[in-house]
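The values are calculated or read from the model by the stated rules, or taken from the named source; none is laboratory data. Because the structure is predicted, anything quoted here is derived from the model rather than measured. Counting neighbours? That spans all protein chains shown, and the Cβs are built from the backbone with ideal geometry, glycine included. To get the accessible areas, we keep the full protein, side chains included, count just its heavy atoms, and leave off ligands, DNA and RNA. Shrake-Rupley method; radii C 1.70, N 1.55, O 1.52, S 1.80 Å.
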There are 2 protein chains.
Amino acid sequence: MPGHIVSSYDTDLEDLRRQISEMGGVAEKMTGEATLALARQDESLAQAVILADKRLDALQREIEEKAVLLIAKRQPMAVDLRETISAIRVSGDLERIGDLAKNVAKRVTAIADQSPAQKIVLGVRHMSDLAEGQLKDVLDAYASADLKAAHDVWERDGEIDALYNSLFRELLTYMMEDPRNISFCTHLLFCAKNVERIGDHTTNIAETIHYLATGEIFMGDRPKNDSSNYATVAPGA
Amino acid sequence: MPGHIVSSYDTDLEDLRRQISEMGGVAEKMTGEATLALARQDESLAQAVILADKRLDALQREIEEKAVLLIAKRQPMAVDLRETISAIRVSGDLERIGDLAKNVAKRVTAIADQSPAQKIVLGVRHMSDLAEGQLKDVLDAYASADLKAAHDVWERDGEIDALYNSLFRELLTYMMEDPRNISFCTHLLFCAKNVERIGDHTTNIAETIHYLATGEIFMGDRPKNDSSNYATVAPGA
């Protein structure tokens, strides 16, 4: 089977790759800055994150339209088709990572006047450092088609989940100690959950790299450590 | 431009449509049963919802594989290509609706021994009735390619968001009244958020129907009424 017939197809794929890489850069930055804004109670940084999401949405639209056009016009086969489908998937995950980071940024204003406990904010920040690092690694793996690096990221999603679980219990305990903590703790709970979901989308990208390299869609059961769905904390415990 | 060349293409598309419709039925049922299990504290119904998600995941995999194969083999153009791309998108949204319903079902066990306030559980149930109705309507619109019905669903997403906002404030107030409410209220908060997100995915499907009918990817700004990101509630307020 011929690889691809026209050399302009390479140019089109190169375009897609460049735009995915640009989206990845924006999503990474938003992930880091959203929780930095939270930690510093920096509302103008939060606004910048909220604005950046528009760029991400626009890029996703462009990538989707370009990819669909590419499939229609060039009718790619095998690995070229997979790369085009993968671009659609990865851009979808990056767009949702942007939404989640934006949602964290929006909560900076809500908790600004409630002097949230720094210890817990730092817990969320720590989760986000992990998530940002994994996102960076998975984007590098995508750019270099490095299947092993993608598998490494996939294996590490459990770390973020484990952090989220312990933070979840800590937040509940904190709320029970003092009702004045409830409002900001609820927002931090959603922030932590959002970062945990950023980790899930990063894992999705790792799975897409697997698909791109092998043609198989799934890699097996995820190493999930999120047991918070079942968690309960008793008052005074 | 010829519509499509081979009649077996129609059979393939018909297959995709039938599988989407099956996925839709499962997702709808899961959405309703997850909050019913919550309201009745019915752990065995919750288990059934958790199990049903496996069927949804398997169907999504089949649809994705079939659609990609279809694009590669048949190289569809124009509306046939759009329908194939749409099948991938809709199956993705339905799969995530299933994940969200499963997550609600998992929390039934967590709050089973905490006798959650019925008033609030019924609030979540009310949200889920709305979400289930809109999901049904959007799936009917997809099956009959009814653009107007899709636009109607799209317009109505604001109702679920508005319900979520008032429930969010109610839950916070409830937590502040008594620390024994905190644990189950936190779980109900995530349940409500999950149902709100089921509404978002339903809106995505409405947008996909727009794309399928018109070839344009986006419909404009969503009628978002979710202001809970900015909400604060003071103790004793």
- Message: Using helices alone, I'd like the mean residue ellipticity at 222 nm for chain A: each DSSP H run of four-plus residues gives -39500 (n - 2.57), total over residue count, nearest 500.
- Response: -29000 deg cm²/dmol
- Message: Averaged over its residues, how many other protein chain Cβ atoms are within 10 Å of peptide B:176-182's Cβ atoms?
- Response: 6
- Message: Whole-Hz ³J(HN,Hα) for each residue in region B:113-118, computed from phi via Karplus 6.51 cos²θ - 1.76 cosθ + 1.60 with θ = phi - 60°, x for glycine and proline: what do you get?
- Response: 9, 10, 5, x, 4, 4
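To the nearest 100 Å², how much accessible surface do chains A and B hide from each other in total, with a 1.4 Å probe? Walk me through the numbers before you get to the answer.
On the way: alone 11420 and 11420 Å², together 18840 Å².
Between A and B, the summed buried area is about 4000 Å².
If you count, for every residue in B:67-76, the Cβ atoms of partner chains within 10 Å of its Cβ, what is the mean? Show your work: numbers first, answer last.
On the way: counts 1, 7, 1, 0, 8, 9, 1, 1, 7, 3.
Whole-number average of other-chain Cβ neighbours for B:67-76 is 4.
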- Query: What are the distances, in nm and sorted shortest first, from the label point of A:GLU14 to the label points of the same position in each other copy, with each label point placed 7 Å from Cα along the Cα-to-Cβ direction?
  - Reply: 4.6
- Alpha carbon centre of region A:131-160 versus region B:151-212: separation in Å? 32
- So the angle from the long Cα axis of helix B:8-40 to the longest Cα principal axis of chain B, reported in degrees to the nearest 10, equals 10
- Message: For a quick check of understanding: with a 1.4 angstrom probe and all protein chains in place, what accessible area in square angstrom does B:CYS185 have, to the nearest ten?
- Response: 0
- Item | Rounded accessible area of B:ILE63 (nearest 10 Å², 1.4 Å probe) | 0
- Relative contact order for region B:42-114: what is it in percent, counting Cα pairs under 8 Å that are at least 6 residues apart? 52
- Message: Filter A:LYS193/B:LYS66; A:LYS102/B:LYS54; A:LYS73/B:LYS73; A:LYS106/B:LYS193; A:LYS54/B:LYS193; A:LYS66/B:LYS136 down to the pairs with a C-alpha to C-alpha distance above 26 Å, please.
- Response: A:LYS193/B:LYS66; A:LYS102/B:LYS54; A:LYS66/B:LYS136
- Message: Just to confirm my numbers, what's the Cα centroid distance between region B:26-77 and region A:19-69 in Å?
- Response: 30
- Rounded to whole Å², per residue accessible area for the protein assembly as shown with a 1.4 Å probe reads 40
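Using the Cα gyration tensor of the protein assembly as shown, with a ≥ b ≥ c the square roots of its eigenvalues, what is the shape: rounded (a/c below 1.5), prolate (a/b larger than b/c) or oblate (neither)? Can you show the working numbers first?
Numbers: a/c = 1.92, a/b = 1.46, b/c = 1.32.
It comes out prolate by the Cα gyration axes.
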- Message: As I understand it, the value is the acute angle between the Cα axis of helix A:147-177 and the longest principal axis of the Cα atoms of chain A; what does it come to in degrees, rounded to 10?
- Response: 20
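For region A:23-165, what % of the accessible area comes from carbon and sulfur atoms, probe 1.4 Å?
On the way: 2940 of 5390 Å².
Exposed carbon and sulfur together represent 54 percent of the surface.
Please label the shape of region A:24-158 as rounded, prolate or oblate, based on the square roots a ≥ b ≥ c of the eigenvalues of the alpha-carbon gyration tensor (a/c under 1.5 means rounded; beyond that, a/b larger than b/c means prolate, else oblate). Before the final figure, lay out the partial values.
Details: a/c = 3.95, a/b = 1.79, b/c = 2.21.
Taking the square roots of the gyration eigenvalues as a ≥ b ≥ c, region A:24-158 is oblate.
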